[in-house]
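Enquirer: Submitted below is the structure of interest, expressed as structure tokens.
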Amino acid sequence: LAAVGIPVPKGTVVLRGTAPSLARTLRTSKLTLPVVVKPASQGSTIGVTIVRQPSQWKEALRLAHQYDDEAMVEAFIPGHEVTVSLLSGADEAVTGLPAVEIVAPDGFYDFSAKYEKGRTQYLCPAPLSASVTRQIRQLAIKTYQALGCNGAARVDFRITPKGKPYVLEINTVPGMTETSLLPMAAGKAGISYDALTERILQSALARAGVGS
């Protein structure tokens, strides 16, 4: 993403079996606390730690390495958490759905905040300026296209208090539960759950060369 000009948090990767000190990692990657340590693959914020104190470093690496050989260490971006869902149809045109702002308890959208009803507040469409809304939609589509995605996906952002967005990741298998963000954004755009599901299936059939 960085190679095509998409803003991402500064960071580095720590491999399983290596044990660099926090001081060395911060120095070589030009980071400062707090940092986010997370497995390179996973989902639902599993294995993620916000390291605010040096005493958390070793346990954060151990936890991330339970799920992946690579632990990503990234700058913590203060501000708002916002996500933009994307759909491509049978014609492969990409549609950006209304952005959703996530207001999680304690400011950390962890596993329980994602799946326990009532713990997290969702604002859709996100209360952002028109310029920031337009910018994150363009960045979401650019991210989707840069990675060669198809069908449904969701791009997660952190937006600083000054309005600068950073792409955290893209979720290529977005949730479809009653608390999930893709169906929420689709509903705001006038797309029912059934219509959303059908659109995803039609996109898959088109890619497979199978008629509807």
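The values are calculated or read from the model by the stated rules, or taken from the named source; none is laboratory data. On a predicted model such as this, the values are computed, not experimentally measured, just so you know. Backbone-built Cβ (ideal geometry, glycine too); neighbour counts: all protein chains shown. The area values use the complete protein model at the heavy-atom level, side chains included, leaving out ligands, DNA and RNA. Shrake-Rupley method; radii C 1.70, N 1.55, O 1.52, S 1.80 Å.
Enquirer: Can you tell me which residues in the range 179-198 are farther than 21 Å from Lys142 by Cα and either open to solvent by 70 Å² or more (accessible area, probe 1.4 Å) or of a type outside the set (Val, Ile, Thr) (or both)?
Expert: Ser180, Pro183, Met184, Gly187, Lys188, Gly190, Ser192, Tyr193, Asp194, Ala195, Leu196, Glu198 - these are the residues of the range 179-198 that are farther than 21 Å from Lys142 by Cα and either open to solvent by 70 Å² or more (accessible area, probe 1.4 Å) or of a type outside the set (Val, Ile, Thr) (or both).
Enquirer: Please go through the range 47-90 and pick out each residue that is at pLDDT 95 or above, more than 20 Å from the chain's Cα centre (by Cα) and of a type in the set (Gly, Ala, Ser).
Expert: Ser55
Enquirer: I would also like to ask the following. Could you check how many residues of the range 151-178 are surrounded by fewer than 16 Cβ atoms within 10 Å (Cβ to Cβ) and touching a residue at least 60 places away in the same chain (Cβ under 8 Å)?
Expert: Total meeting the criteria: 5.
Enquirer: Next question. Can you give me the number of residues within the range 136-180 that are farther than 18 Å from Leu1 by Cβ and out of contact with any Leu (no Cβ under 9 Å at 6 or more places or on another chain)?
Expert: 7
Enquirer: Within the range 1-96, considering only strands (runs of 3 or more DSSP E) that don't extend past its boundaries, which have at least 3 residues that are under 30 Å from Lys142 (Cα atoms), touching a residue at least 40 places away in the same chain (Cβ under 8 Å) and open to solvent by less than 30 Å² (accessible area, probe 1.4 Å)?
Expert: 70-75, 80-88
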